[in-house]
Amino acid sequence: MGDPRLLAVAAPVSGFGAPELENLLIDMRDTMRDLNGAGLAAPQIGVGLRVVIFGFESNPRYPEADSVPFTVLINPVLTPLGEEQDEGWEGCLSVPGMRGLVPRYRNLRYTGEDAAGMPIDRTVSDFHARVVQHEVDHLDGILYPQRIRDLTQFGFNDALFPGEDIPDD
Ligand code: NI
């Protein structure tokens, strides 16, 4: 947090099948797995392209979350389904050691392309919808602390959740 690359609007991807895109996806997957992330956006490793990845079977940073299928999502477009929002705790690999209570749409349709340029079109809810909204915010230069409505609900993992031993990113 504080790096200007995290505040920039990322550019659309056109080079499907190019080795640069394949290498970026490998770097992103390695980074996300090393850090136990639920997701990662290209700007978080300094690449200003509209690429996010997310998904896990189980995640020590979000032990109560349902699994989310591993997904590469390129040039995403989000459409909230309804007005309903939930508040939920989020962390971010770019804001290490912290959590905040963030409102997100509960139900969401997302479209975009996979690594081969094939279309993706899904309707999701709850934590899956939250992760996608968090990651796609990164492509528009938005970090989750900017979404927090009540800044008393923002702090360090070990102060907010003593004894829970959340990995410190
Ligand atoms: Ni993040």
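Before moving on, here are some points about what is shown:
- Of the trypsin sites (Lys or Arg not before Pro) found in region 67-109, no site is in coil according to DSSP while having at most 10 other Cβ atoms within 10 Å of its Cβ.
- Inter-site label distance for Leu160 and Leu78 at 7 Å from Cα along Cβ, in nm: 1.7
- Cα centroids of region 15-59 and region 81-98: 19 Å apart.
- Rounded tilt (10° steps) of 19-34 against the dominant C-alpha axis of the chain: 20
- Surface/4 of the Cα convex hull for region 83-169, nm²: 6.6
- Note that region 4-160 presents 48 Å² accessible area per residue, ligands and nucleic acids not counted, probe 1.4 Å.
- Using a probe of 1.4 Å on the protein chains alone, the accessible area found for Asp140 is around 70 Å².
- D by Stokes-Einstein for the chain, Kirkwood Rh over Cα pairs, 4 °C, 1.567 mPa s: 80 µm²/s.
- Computed on the Cα atoms alone, the convex hull of region 40-113 gives a volume of 108 cubic angstrom per residue.
- Note: relative contact order over the chain, using C-alpha pairs below 8 Å and six or more positions apart, is 25 percent.
- To put it simply, the accessible area of the chain at a 1.4 Å probe is 51 percent carbon and sulfur.
- Distant-in-sequence amide contacts of Ile120, defined by a placed amide H-H separation under 5 Å and a gap of 5 or more residues or a different chain, comprise Gly112, Glu113, Asp114.
- A DSSP coil position with no more than 11 other Cβ atoms inside 10 Å describes the following GluC sites (Glu not before Pro) in region 11-103: Glu57, Glu64, Glu83, Glu84.
The values are calculated or read from the model by the stated rules, or taken from the named source; none is laboratory data. Remember, predicted model here, so these are calculated numbers, not experimental data. A quick note on method: Cβ atoms are made from the backbone with ideal geometry, for glycine too, and the neighbour counts reach across all protein chains shown. Heads up: the accessible areas ignore ligands, DNA and RNA and are worked out on the full protein's heavy atoms, side chains in. Shrake-Rupley method; radii C 1.70, N 1.55, O 1.52, S 1.80 Å.
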